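J.: Okay, handing you the structure first.
Values in this text are rule-based calculations from the coordinates and carry no lab data. As the structure is a computational prediction, the values presented were derived from the model and not from experiment. Quick reminder, even Gly has a Cβ in these numbers, built from the backbone with ideal geometry, and neighbours come from all protein chains shown.
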Amino acid sequence: MACTVEVFTDGSADDKRRGGWAALLRYNKHEKLISGAEPNTTNNRMELTAAVMALRALKKPCEVHLYTDSQYLKKAFTDGWLEKWQKNGWKTASRQPVKNKDLWLALLEETARHEVHWHWTRGHAGHRENELVDREAQRQRRTLPLG
């Protein structure tokens with residue numbers, strides 16, 4: 001791969017289902033922060049959206065080290081959940097439809113373009129980049145009207 005990029009992602013949603021997402025992309029010494037907000041969503045959807053949007057922002061295939069505080073996102077790729085879901089017709093082990101299938105499909109499309117290495121970081125534990133994207137995701141969420 002011609003480039004190596006570090007990506008730090010986070011998503012946020014409140015009890016009013018207002019959501020925000022953010023991603024910090026780092027290439028060499030250059031950093032770019034991207035973010036957005038969505039109404040009527042969940043925290044998991046925002047975590048996945050942050051990863052999709054970060055990978056889409058890359059203009060060419062790269063080696064990507066993606067850092068997330070979402071075990072749901074990381075383990076889907078590292079623990080074989082996605083393969084099992086696809087094999088089971090997008091059903092969970094309990095035969096329920098997989099939630100967020102649209103975003104999982106988008107992630108599969110984006111990860112096929114890149115060599116992605118998944119890393120988990122504990123949220124709210126003083127990790128500089130995780131704290132930055134967490135604050136931005138919350139800020140984005142608060143731009144939406146209540147109710």
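J.: Between Asp15 and Leu146, what is the label-point separation in nm under the 7 Å Cα-to-beta-carbon projection?
T.: 1.2
J.: I've got another one for you. 7 Å from Cα along Cα→Cβ at both Glu131 and Glu83: what's the point-to-point distance in nm?
T.: 3.8
J.: Along the Cα→Cβ direction, 7 angstrom out, place labels at Lys75 and Trp90. What is the inter-label distance in nm?
T.: Here the modelled spin labels are 2.2 nm apart.
J.: How long is the gain from Leu108 to Arg139 if the chain were fully straight, where each residue apart is worth 0.36 nm and the alpha carbon distance is subtracted?
T.: 8.4 nm
J.: Are there any trypsin sites (Lys or Arg not before Pro) in the range 1-72 that are in a DSSP loop and have at most 12 other Cβ atoms within 10 Å? List them by number.
T.: For trypsin sites (Lys or Arg not before Pro) across the range 1-72 that sit outside H, G, I, E and B with at most 12 neighbouring Cβ atoms in 10 Å, the list reads Lys29, Lys59.
J.: How would you order 88-101, 65-78 from highest to lowest mean count of nearby Cβ atoms within 10 Å?
T.: With the highest mean Cβ count within 10 Å placed first, the list reads 65-78, 88-101.
J.: Once each part is reduced to its C-alpha centroid, what is the distance from the range 14-57 to the range 71-147 in angstrom?
T.: 10
J.: Right, next: Sorting Arg122, Arg142 on the 10 Å Cβ count, fewest up front, what's the list?
T.: Placing the least packed residue first, the sequence is Arg122, Arg142.
J.: Normalised by the residues of the chain, what does the relative contact order come to in percent, with Cα pairs under 8 Å and at least six apart?
T.: Result for the chain is 35 percent.
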